[in-house]
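S.K.: Once you've had a glance at the structure underneath, I'll fire off some questions.
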Amino acid sequence: MHFPVNIPLGKSSIPAHFVCETLAYFVGYRYYVYLRKHTHDKISTENRLMIFIGAAFGALIGSHLVGVFESPLLLPHFSLMYLMGNKTIVGGMLGGLIGVELTKKKLGVTASSGDLMVYPLILAMIIGRIGCFLAGLDDGTYGIASNLPWAIDLGDGIRRHPTNLYEILFWILLWGSLWVAEKRYRFTDGSKFKIFLSSYLVFRLMVEFIKPDYFFSFGLSVIQLVCIAGILYYYKVFLFPSKLIKSHA
């Protein structure tokens, strides 16, 4: 396989990354529509729409803001092009969370809005990360050099940690674990989303150590600091896990 992977289209081609990213949004949303149709939703359609808008606005700001600060040495060259060209999923998720909470507070909605989005988000993330992997070095989400048997040459002659594949495996395991847990237990309102996001923050905190990030003198990167902030926000998930389960199903 040669990276980046492009899909032939007549005399031209389309980056596989772009195709996967587009599919991630489309398939994830269609899966959400399917689940909502077959699930009792305590939130009205109108409020759902407003929450979606709040989430999208927060994710847009968060992803680009954290993306910009991900490389502090480049900040002196800050420009609008630099702002729009840098984004990160961690910032998008936490920015989206803030957008949702502010919107729900404004609307007076107290029911969880995230539980219904967990599986669609996981599916979208898997498809999106496939695209990131196929983009090779162009995506900038690759790992550091490695001699492990499964290390992959993404096009520069250096075998690296396939961190995108690690993340895909993480999402599959999380999806399976949640699905099995739901067969045995009933989660309290909002707990499934808390497990989803807090687990991902822990994963990203750890996997960033094998990425060629900019690390401060104290050994952590900007993304890791953001992950720690999110983990502290969800500290109850780790200290009181029993409260995530209401009763046996």
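The values are calculated or read from the model by the stated rules, or taken from the named source; none is laboratory data. Remember, it's a predicted structure, so these values are computed and weren't measured experimentally. Backbone-built Cβ (ideal geometry, glycine too); neighbour counts: all protein chains shown. Surface accessibility is based on the protein's heavy atoms, side chains included, excluding ligands, DNA and RNA. Shrake-Rupley method; radii C 1.70, N 1.55, O 1.52, S 1.80 Å.
S.K.: I need the per residue convex hull volume for the stretch 91-145, using only the alpha carbons, in cubic angstrom as a whole number.
M.R.: Details: hull volume 5.4 nm³, N = 55.
Taking only Cα atoms, the stretch 91-145 has a hull volume of 98 Å³ per residue.
S.K.: Any lysines with Cα under 30 Å of the residue 37 Cα? List them, leaving off those in the same chain fewer than 8 positions away.
M.R.: Answer for residue 37, where 30 Å is the Cα cut-off: 104, 105, 106, 183, 192, 194, 243, 246, listed by chain and number.
S.K.: Next up: Starting from the Cα of residue 211, draw a straight line to each of the lysines and keep only those under 19 Å, dropping any in the same chain fewer than 8 residues away.
M.R.: 87
S.K.: Let me check something: with ligands and nucleic acids excluded, how do 197, 107 order by accessible area (1.4 Å probe), largest to smallest?
M.R.: The most accessible residue leads, giving 107, 197.
S.K.: Enter the mean projected area of the convex hull around the alpha-carbon atoms of the chain, in nm², rounded to one decimal. Mind showing how you got there, number by number?
M.R.: On the way: hull surface 66.1 nm².
Orientation-averaged projected area of the Cα hull: 16.5 nm².
S.K.: Sort 46, 21 from largest to smallest accessible area, using a 1.4 Å probe on the heavy atoms of the protein chains.
M.R.: These residues rank, largest area first, as 46, 21.
S.K.: So for the stretch 138-225, what percent of the C-alpha to C-alpha distances run longer than 15 Å?
M.R.: Above the 15 Å cut-off, the stretch 138-225 has 66 percent of its Cα pairs.
S.K.: A further question on this structure: Roughly to the nearest percent, how much of the accessible area of the chain is carbon and sulfur, given a 1.4 Å probe?
M.R.: So the carbon and sulfur contribution to the accessible surface is 68 percent.
S.K.: Counting just the Cα atoms, what span does the stretch 184-249 cover along each of its three principal axes? Round to the nearest Å and put the largest first.
M.R.: On the principal axes, the stretch 184-249 reaches 47, 17, 14 Å in Cα extent.
S.K.: Now, a different point. Got a sec? Charge dipole of the chain, +1 on Cβ for Lys and Arg, -1 for Asp and Glu; which of 172, 158, 15 is way out at the positive end?
M.R.: After comparing all options, I get 172.
S.K.: Rank 185, 119 by accessible area, highest first, at a 1.4 Å probe radius?
M.R.: Ranked from most to least accessible, the order is 185, 119.
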